[in-house]
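The values are calculated or read from the model by the stated rules, or taken from the named source; none is laboratory data. Everything quoted here is computed from the prediction, not taken from an experiment. Cβ: placed from backbone, ideal geometry, glycine included. Neighbour counts: every protein chain shown. Note: areas computed on protein heavy atoms with side chains; ligands, DNA, RNA excluded. Shrake-Rupley method; radii C 1.70, N 1.55, O 1.52, S 1.80 Å.
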Amino acid sequence: MLNIAVYAKGGIIYLCPAFGIKRKDGKRCMMERVITLVDKLAGSRMLSGEEFIFLLDNIGEEEDAYLYGKARESALANYGNKIYVRGLMEFTNYCKNDCYYCGIRRSNQKASRYRLSPEQIMECCRIGYGLGFRTFVLQGGEDPWFTDEKIAYLVERIKKQYPDCAVTLSVGEKGYDTYKRWFDAGADRYLLRHETANPCHYASLHPPQMSSEYRKECLHNLKAIGYQTGCGIMAGSPYQTTAHIAQDLEFIHGLQPEMVGIGPFIPHHDTPFKDRPAGTLRQTLLLLAIVRLMLPDVLLPATTALGTIEPDGREQGVMAGANVVMPNLSPLEVRKKYMLYDNKISTGVEAAANIKELKNRMASIGYEVVTDRGDHKKIKSSPCP
Ligand code: SAM
């Protein structure tokens, strides 16, 4: 049997050898296959593991624009040119975990630790509400001082004072009952990056006490309870391969999260990964675009880490399909202490107080920052509140 595949693009027909067979005009065939896979992903919303690996390994800069354009079209079709903002409150940098990549890991003795009081948190909300934020994100290390009860109290207090706002929690791994308690207290969303779906890769990023199985179980529990749930990974994390990323994409597809957080890994000088190279802007943009095509109505942030590795990283993220930005609402005096990685930006356009500049920057690429809870499309269209 003749081992060829036929591609027709722009009126030209290419006869290319099937997967894995090299020939002289291989580059053109590669390009055609990449474009075909992007089209397939845009149409059917999923690729096989092998196809994802092929796409990730072979996409060349010539095809990036095509992928980003498709992803952007998909975001526009689902959310228009709206950019949702979240007011991020990094309320504690104490953490009982010891993730090898993270600047606030337990073993980092040099980290200067802090906790915000409930009053400080409420003051951040007050300022944020005035600036137009309608989602407050409480993110922190896994800090046992903040008991389940204290978190429930915070959620209740914020929801009581700002009933038109959504509350997102991002405080790590907890049991079903705790997640349920916080949901009943009024929490709407939960961010918990799975970090990597591959157990072996997970073990190379975390100490043995932590497991990818438990983290995934947490995510399934969050979904089952009814949270708008966010998983995600760092692009270019140490030891990451395209096969791992293919597994991540399969996991994400299976979970069907409402949010996906993807930002580049950036080393922190006081962690075991201090000498590892950072993930790149391009790796991150490719993943954002692929996730957008896989989950067309997902809420997809252009992250702080993306803005850290490139001054216009977040604009580029939006041009690759992102539709959420999470400016920092934490008090200025603690912002530098939530240092997950080196040079993390916390002032300038990253600061919630500078929302005007963010609006201008998004307007310059044709997008509008809106005052809106910015729920997932399916939640919004639900007949029940
Ligand atoms: N404790 C919560 C948790 O585990 O989900 C939330 C805080 S945790 C610091 C938030 C996210 O920061 C992690 O999921 C991780 O992906 C990201 N992060 C930590 N260190 C990073 C680094 N060096 N580079 C990029 N992202 C990093």
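Couple of notes before you dig in:
- Computed with every protein chain present, the accessible area of residue 357 is close to 80 Å² [probe 1.4 Å].
- On a per residue basis, the chain carries 42 Å² of accessible surface, using protein heavy atoms and a 1.4 Å probe.
- Taken over the alpha carbons of the range 215-260 as equal point scatterers, the Debye sum produces base-10 log I(q)/I(0) values at 0.15, 0.18, 0.32 Å⁻¹ of -0.40, -0.55, -1.20.
- In range of the label at residue 176: residues from the range 140-156 whose backbone nitrogen is under 20 Å from the point 7 Å along Cα→Cβ: 148-149
- The long axis of helix 148-161 is offset from the longest Cα principal axis of the chain by roughly 90 degrees.
- Charge tally for residue 81 (other residues, Cβ to Cβ under 14 Å; Lys, Arg +1; Asp, Glu -1): 0.
- Prolate/oblate/rounded call for the range 270-340, Cα gyration tensor, a/c under 1.5 rounded: oblate
- Those trypsin sites (Lys or Arg not before Pro) in the range 181-276 that DSSP places in a loop and that have at most 13 other beta carbons within 10 Å: 274
- Surface accessible to a 1.4 Å probe, residue 30 within the full protein complex, Å²: 60
- Degrees between helix 355-364 axis and first principal axis of the chain (Cα, 0 to 90, nearest 10): 20
- Paramagnetic label reach from residue 100 (point 7 Å along Cα→Cβ; backbone nitrogen cut-off under 14 Å): within the range 162-205, residues 196, 199-205.
- Pairwise centroid distance, computed over Cα atoms, of the range 46-88 with the range 160-199, Å: 26
- Our estimate of slack between residue 356 and residue 123, defined as 0.36 nm per intervening residue step minus the Cα-Cα distance, is 81.9 nm.
- Separation of the alpha carbons by more than 26 angstrom is noted, of 160/223; 150/377; 160/378; 110/159; 174/274; 70/356, for 150/377; 110/159; 174/274; 70/356.
- Whole-percent carbon and sulfur share, accessible surface of the range 68-110, 1.4 Å: 46
- A Cα-only calculation for the range 98-183 places Rg and Dmax at 14.2, 40 Å.
- For the range 249-308, the fraction of alpha-carbon pairs lying more than 19 Å apart is 38 percent, rounded to a whole number.
- Using the empirical formula 2.2 N^0.38 Å as the baseline, the Cα radius of gyration of the range 265-385 reaches a ratio of 1.16.
- Cα-based Kirkwood hydrodynamic radius, the chain, one decimal, Å: 21.5
- The ratio of the alpha-carbon radius of gyration of the range 100-249 to the globular-protein estimate 2.2 N^0.38 Å is 1.12.
- The chain: relative contact order as a whole-number percent, Cα under 8 Å and 6+ apart: 21
- Over the range 30-74 - Rg/Rh using Cα atoms and the Kirkwood inverse-distance radius: 0.93
- Prolate/oblate/rounded call for the range 130-169, Cα gyration tensor, a/c under 1.5 rounded: oblate
- Net charge over other residues, Cβ less than 12 angstrom from the Cβ of residue 161 (K, R count +1; D, E count -1): +1
- Using alpha-carbon coordinates, inclination of helix 212-225 to the longest axis of the chain, degrees: 70
- 222 nm mean residue ellipticity, helices alone, for the chain (DSSP H n ≥ 4; -39,500 (n - 2.57); rounded to 500): -13000 deg cm²/dmol
- Per residue, the convex hull volume that the Cα atoms of the range 170-290 enclose (Å³): 109
- Average silhouette area of the range 304-363, convex hull of alpha-carbon atoms, in square nanometres: 4.0
- Counting DSSP beta bridges with both ends in the chain, the antiparallel % (nearest 5): 20
- Point-to-point label distance, residue 368-residue 274, nm (Cα→Cβ direction, 7 Å offset): 4.9
- As an equivalent ellipsoid, the range 151-221 spans semi-axes of 29, 11, 9 angstrom, where each value is the square root of five times an eigenvalue of the C-alpha gyration tensor, largest first.
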